[in-house]
Amino acid sequence: MFFNIWNRIYEPHCSDLSGHIEFAAPQPPQPVATGGYSDIYMGKYGQSDKSKIQVAIKVFRLSKDESKDNSRIIKYLIREAAVWRQLDHGNILPFLGLVSDIGKRGAPALISPWCRSGTIMDYLHNQSQSPRLPLIAEIAQGLQYLHQRNIIHGDLKPSNILINDDGRPLLADFGCSLIVGCQGTTTRRHGTVRYQAPELFEEDIKFTKASDVYAYGVTCSAVWTGVEPFVEFPTDATIILQVLLKNARPRRPSHASEETELVWPLFEACWAGEAEKRLHMEEVADELVKLTEKISESRYCPSLYLALSPSQNLTPSTPYLPASFRSAGIRPPPYEASDPFSSTIVATN
């Protein structure tokens, strides 16, 4: 099964890391996170104990018996590997390769760098004073990069945004992703209802760039406020009815700050009810630059600039990897992409 899956991933083939990945303690390994079709484990990569570094191992859950569920899960695996291995940007979680000796039922596992800070909501829970604007700006850059390559994420939400050791948000989980115009990669919609555009609740409607933009706006509301959207509604069915019949959207904070008053209309422009009225990600990125300038006029805040420097904005960049990964020989970049969060800005009196 492994070689059949491997051969169905488009050229160039993914790196084969088999024999170089092992589960981290404890034994037997326990997943640190669980999704719809897969489990995430902490692992180690390296030739010797001294050089081993932490990685994330994504193992797809396949049953013992051949079934329709297995077939569907394998399609997710193939789609994710086929899309993910093409991506090369500082706000996309790097894909390191496949392993054949860890996955279940002969299916390969997917390997990526370990992000100890967890999801963006985990990060903000522990770093409550961290500025939100640079985070949503970098998420926009990652999503814009996908759209420029005609790739639709399909499941954008806070739990699919990880934070690396430098505080940079990384888009992850491409199992629902679509390549526009590429046959064999499309699928019926899946995902999380509270982040889905209203048109996706119709039958046989597939993800689009516009539905990604809607999900981006709702995701930004959660990142900005720290509150999951539609918490007031108890079930997915209730959320769908409220969105379709009453045009429900995330609530603006009752005592909004100046910054919130400035950014909230941008969120609203992203989650417009009609898909054709939503902004494109290029427009979102431009608006974020303007918002940063407006906010900076009222108070000096260097961190607002770091994610939006001209050298980074709108330009695909090589994924940033920690020094430990580079020294271990994992996908060394042809050049060192500047890390906006490591920049130094000196205020003058």
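Please treat every number below as a calculation from the coordinates, not as lab data. The structure presented is a predicted model; accordingly, all values stated were derived computationally and were not measured. Virtual Cβ from ideal backbone geometry, glycine too; neighbours counted across all protein chains shown.
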(Q) On a full-extension model of 0.36 nm per residue, what is the gain between VAL231 and HIS125, subtracting their alpha-carbon distance, rounded to one decimal in nm? (A) 36.4 nm
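Within 10 Å of each residue's Cβ, count the other Cβ atoms and sort LYS209, LYS277, LYS294, LYS104 from fewest upward. Kindly include the intermediate steps, with their values, before the conclusion.
Working: LYS209 19, LYS277 9, LYS294 12, LYS104 16.
Sorted ascending by nearby Cβ count, the order is LYS277, LYS294, LYS104, LYS209.
Can you tell me the order of 141-148, 210-217 when each peptide is scored by its average per-residue count of other Cβ atoms within 10 angstrom, highest first? Before the final figure, lay out the partial values.
Values: 141-148: 22.1, 210-217: 25.0.
Sorting 141-148, 210-217 by mean packing, highest first, produces 210-217, 141-148.
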Q) How high is the relative contact order of segment 82-206, given as a whole-number percent (alpha carbon pairs under 8 Å, six or more residues apart)? A) 24
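Given axes a ≥ b ≥ c from the Cα gyration tensor, I'd like to know whether segment 71-114 is rounded (a/c under 1.5), prolate (a/b larger than b/c) or oblate.
Note, shape of segment 71-114 comes out oblate.
Rounded if a/c is under 1.5, else prolate if a/b beats b/c, else oblate: with a ≥ b ≥ c from the C-alpha gyration tensor eigenvalues square-rooted, which is segment 120-318? The partial results should precede the final answer.
Working: a/c = 1.68, a/b = 1.25, b/c = 1.35.
Taking the square roots of the gyration eigenvalues as a ≥ b ≥ c, segment 120-318 is oblate.
Starting from the Cα-Cα distance between SER296 and ASP101, subtract it from 0.36 nm times their residue separation and give me the gain in nm to one decimal.
Numbers: separation 195, 0.36 × 195 = 70.20 nm, distance 5.19 nm.
That works out to 65.0 nm of additional length.
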Q) Taking the mean number of other Cβ atoms within 10 Å as a proxy for protection, how do you rank 31-37, 155-161, 97-103, 262-268 from highest to lowest? A) 155-161, 97-103, 262-268, 31-37
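Checking the a/c ratio against 1.5 first, then a/b against b/c, what shape does the Cα gyration tensor give for segment 57-194? Don't jump to the answer; show the numbers that get you there.
Working: a/c = 1.96, a/b = 1.50, b/c = 1.31.
It comes out prolate by the Cα gyration axes.
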